[in-house]
Amino acid sequence: MAGYTLELPQIQNWSCHNCGGCCTQHGIYITNEEKARIEKQNWTPADGVPADQPLFVKMGGMLGKTWYRLAHQPNGGCVFLDERGLCKIHGKFGEEAKPLACRIYPYAFHPKGNKVTVSLRFSCPSVAENKGPSVQSQRKDLKAIAKQVVPANVTAAPAPKLRPGVQLDWDDTLKIVDALDQTIAADADFPLKLARCLFWMELINQTNFDKIRGDRLSELLELLTAAAEDELAEAIPDLGPVSKIGRTQFRLLAGQYARKDTYTSDTSLAGRWDLFKGALKLTSGSGMLPSLQPCLKEIPFEQLEQPFGGLPEASQEMLSRYFRVKLQGMHFCGAAYYKVPLIEGFQSLVLVYPVIMWISRWLAATADRDQLQHEDVIQALTFVDHHHGYSKALGTWGFRRRVTTLAQSRDLDKLVAWYTR
């Protein structure tokens with residue numbers, strides 16, 4: 001660990017509970033060395049691997065460049081996933097024998113000045129539900145993984161830009177991140193805390209940073225965060241309805257998150273045509289929502305715009321923890337999130353909340369309910385974080401432009417209030 005300190009989240013627990021989700025929804029790409037090691041393990045039908053079941057799928061092939069991923073069984077599970085949700089490689093040879101990609105999940109390692117900070121993927125239900133021992137207690141194992149994935153020059157990585165054309169050093173960048181974390185950590189309703197963040201971050205976005213550094217930045221942050229608490233003391237203000245353009249942009253963004261793309265997703269011409277038709281429906285916003293995955297049935301668009309009873313208490317804790325882990329882990333901007341500046345990255349992270357609430361409503365409506373349950377929010381969060389920071393679509397110019405348009409028009413603030421009802 002020479003050269004940097006490993007920073008672990010203090011508010012997050014995790015251990016694998018063998019749901020098999022990560023072994024079903026992800027393609028595990030392996031190195032040539034890992035492929036050779038697995039081949040030497042000599043898997044046979046006696047180990048539960050049928051003789052006609054390939055272990056690998058060859059990828060690429062253009063210009064002679066090829067790579068491999070682990071194959072999957074007809075039921076969608078990894079070739080090494082058994083009926084109990086356990087890994088056969090792990091069971092027979094130990095965790096060290098598994099591909100590195102399997103050993104890393106759900107952890108993520110990101111630069112943070114002279115530190116490397118650890119975040120987690122909430123696409124894992126056990127992360128979302130905070131199940132297992134504390135991440136702090138797993139420091140030894142995480143140090144071993146970090147040695148294999150963290151580049152030697154990690155401390156040379158610059159801080160993410162604050163906004164286009166404005167670059168602060170790590171110390172000042174982390175002051176802003178810490179202020180966001182402290183705002184989310186406050187004792188208040190989660191949506192109100194988001195509204196406060198948006199309030200003072202917009203003032204940061206308008207600030208001329210030519211002479212504001214160090215202590216002056218600390219003073220500015222103290223003033224702005226206090227002003228946000230005074231201005232938004234008890235409730236989110238009524239900002240009026242989301243604009244017509246904002247509603248369209250939001251539906252397209254939320255529809256992208258509602259899809260559960262996996263390695264098995266239909267990429268045929270017919271599959272792409274279905275996606276196109278779904279996008280047209282999301283653009284129109286009239287009639288019936290397209291069923292983007294089996295657990296989300298076709299329902300009227302208008303049904304999701306009715307009040308659903310607000311955010312369940314347990315969901316408030318979970319979403320506060322989600323945002324704090326993402327903030328502390330620098331898992332929302334810079335190298336960890338499509339190389340976007342800090343302010344834009346935070347706006348994208350805020351967008352996650354109304355998207356989660358929109359999908360949660362869809363799940364409740366699918367079950368013929370008009371009130372949210374915590375389980376709806378858990379499932380919606382796992383859908384959303386499956387994409388956030390990992391789907392290539394979210395890093396495109398079009399997606400990013402929609403997010404910034406929502407923020408500049410204040411429709412992002414309105415969406416937070418609207419889908420809290």
> Is there a residue being modelled with pLDDT of 95 or more, more than 25 Å from THR420 (Cα to Cα), surrounded by fewer than 19 Cβ atoms within 10 Å (Cβ to Cβ) and of a type outside the set (A, V, I, L, M, F, W, C) anywhere in region 177-188?
Replying inline: yes
> So which of LEU217, LEU198 is part of a helix (DSSP H, G or I), closer than 16 Å to LEU168 by Cα, modelled with pLDDT of 95 or more and out of contact with any Cys (no Cβ under 7 Å at 6 or more places or on another chain)?
Replying inline: LEU217
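Yes or no: VAL79 surrounded by 14 or more Cβ atoms within 10 Å (Cβ to Cβ), in the same structural domain as LYS143 (by TED's automatic domain parsing) and in contact with a His (Cβ under 9 Å, 6 or more places away or on another chain)?
Values: surrounded by 14 or more Cβ atoms within 10 Å (Cβ to Cβ): yes; in the same structural domain as LYS143 (by TED's automatic domain parsing): yes; in contact with a His (Cβ under 9 Å, 6 or more places away or on another chain): yes.
Considered against the rule, which asks whether it is surrounded by 14 or more Cβ atoms within 10 Å (Cβ to Cβ), in the same structural domain as LYS143 (by TED's automatic domain parsing) and in contact with a His (Cβ under 9 Å, 6 or more places away or on another chain), VAL79 comes out as yes.
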>> Please go through (1) among the basic types (Lys, Arg); (2) touching a strand residue (DSSP E or B) at 6+ places or on another chain (Cβ under 8 Å); (3) surrounded by fewer than 23 Cβ atoms within 10 Å (Cβ to Cβ); (4) closer than 22 Å to LYS131 by Cβ for ARG324 and return the number of the only condition it doesn't satisfy.
In response: (2)
> How many of the residues making up region 136-193 are under 15 Å from GLN328 (Cα atoms) and of a type in the set (D, E, K, R)?
Replying inline: 5
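Looking at VAL149, VAL118, VAL49, VAL57, which is the one that is of a type outside the set (D, E, K, R) and modelled with pLDDT of 95 or more?
Numbers: VAL149 fails: modelled with pLDDT of 95 or more; VAL49 fails: modelled with pLDDT of 95 or more; VAL57 fails: modelled with pLDDT of 95 or more.
Unique residue meeting the criteria: VAL118.
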> GLN53 fails exactly one of the following numbered conditions: (1) in a loop (DSSP other than H, G, I, E, B); (2) surrounded by 15 or more Cβ atoms within 10 Å (Cβ to Cβ). What is the number of that condition?
Replying inline: (2)
> What are the residues in region 133-150 that are under 19 Å from GLN12 (Cα atoms) and in a helix (DSSP H, G or I), if any?
Replying inline: VAL135, GLN136, SER137, GLN138, ARG139, LYS140, ASP141, LEU142, LYS143, ILE145, ALA146
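May I ask you to verify whether LYS392 is within 26 Å of GLY310 (Cα to Cα) and basic (Lys, Arg)? Outline the logic, then answer.
On the way: within 26 Å of GLY310 (Cα to Cα): no; basic (Lys, Arg): yes.
Spelling it out, it is not the case that LYS392 is within 26 Å of GLY310 (Cα to Cα) and basic (Lys, Arg).
Does GLY64 fit the bill of being under 28 Å from ASN130 (Cα atoms), of a type outside the set (Asp, Glu) and modelled with pLDDT under 90? Can you show your working first?
Values: under 28 Å from ASN130 (Cα atoms): no; of a type outside the set (Asp, Glu): yes; modelled with pLDDT under 90: yes.
So GLY64 does not fit the description; no.
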>> Go through region 110-136 and report how many residues are closer than 24 Å to ASN153 by Cβ and either among the hydroxyl-bearing types (Ser, Thr, Tyr) or touching a Gly at 6+ places or on another chain (Cβ under 9 Å) (or both).
In response: 7
> When both residues are 6+ apart or on different chains and their Cβ atoms are under 8 Å apart, which pairs have a first residue that lies in region 224-244 and is closer than 18 Å to TRP418 by Cα, and a second that is modelled with pLDDT under 95 and of a type in the set (Val, Ile, Thr)?
Replying inline: ILE236/THR420
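Can you tell me which residue among PHE346, PHE276 is of a type in the set (Phe, Trp, Tyr), assigned by TED's automatic domain parsing to the domain that holds ALA195, assigned to a helix (DSSP H, G or I) and more than 25 Å from ARG410 (Cβ to Cβ)? Talk me through it step by step, then tell me what you get.
Numbers: PHE346 fails: more than 25 Å from ARG410 (Cβ to Cβ).
The match here is PHE276.
Just need a number here: residues in region 88-109 that are under 20 Å from the mean Cα position of the chain (by Cα) and in a helix (DSSP H, G or I).
Of region 88-109, the ones under 20 Å from the mean Cα position of the chain (by Cα) are 101-109.
From the residues that got through so far, the ones that are in a helix (DSSP H, G or I) too are 101-104.
The qualifying residues number 4.
The values are calculated or read from the model by the stated rules, or taken from the named source; none is laboratory data. None of these values were measured; they are calculated from a predicted model. Methodologically, a virtual Cβ is constructed for each residue, glycine included, from the backbone with ideal geometry; neighbour enumeration extends over all protein chains shown.
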